[in-house]
Amino acid sequence: MALNFKDVVEEKQIPDGFIKVTDKPIAGLSSEQKAILNRRGNVFFNNGDIESARRIYLTTGYSDGLIRVGDEYAKKKQTLKALKMYTLAHSTSKTGPIYEKIAATIGSLLKADDESID
């Protein structure tokens, strides 16, 4: 049974919110189909169509592609979107610094709140 590229990509779209929908590729894709889709995603990415590349990388579970998309979001100061891509790619080296910033921010807010009570 041949998979329709458009149907496969549209089925795996993720809502705009920070919701981890899936981190597993479509089970019915062969290694060859994944390679073809990833090459197409790379073409989209290299041409600046990051969102189309993102949808393909999510579909195939291509972690290197997801990290590159996350890096593009990070460059645009879209930290939560970047964190989402890094998390889906299982990149602890990329998620760690973001989690540390979040923890420091929360710590500062809690400290400020404690000082305002005194």
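The values are calculated or read from the model by the stated rules, or taken from the named source; none is laboratory data. From a predicted model like this one, the values you see are computed outputs, not experimental measurements. Here the Cβ is made from the backbone with ideal geometry for all residues, glycine too, and neighbour counts use every protein chain on show. Only protein heavy atoms, including side chains, enter the accessible area calculation; ligands, DNA and RNA are left aside. Shrake-Rupley method; radii C 1.70, N 1.55, O 1.52, S 1.80 Å.
Brief remarks follow.
- Restricted to region 50-118, the set of helices (runs of 4 or more DSSP H) holding at least 3 residues that are of a type in the set (D, E, K, R) comprises 50-60, 63-75, 92-117.
- Scanning region 16-49 for residues being modelled with pLDDT under 95 and either under 20 Å from Thr95 (Cβ atoms) or part of a loop (DSSP other than H, G, I, E, B) (or both) gives a total of 15.
- Ile56 being free of Cβ contacts under 8 Å to residues at least 60 places away in the same chain, under 24 Å from Ile26 (Cα atoms), out of contact with any helix residue (DSSP H, G or I) (no Cβ under 6 Å at 6 or more places or on another chain) and open to solvent by less than 70 Å² (accessible area, probe 1.4 Å): no
- Residue check for Leu80: touching a residue at least 60 places away in the same chain (Cβ under 8 Å), farther than 21 Å from Ile26 by Cβ and aliphatic (A, V, I, L, M): yes
- Take the conditions (1) out of contact with any helix residue (DSSP H, G or I) (no Cβ under 6 Å at 6 or more places or on another chain); (2) surrounded by 13 or more Cβ atoms within 10 Å (Cβ to Cβ); (3) not charged (D, E, K, R); Ser91 misses just one of them, which is (1).
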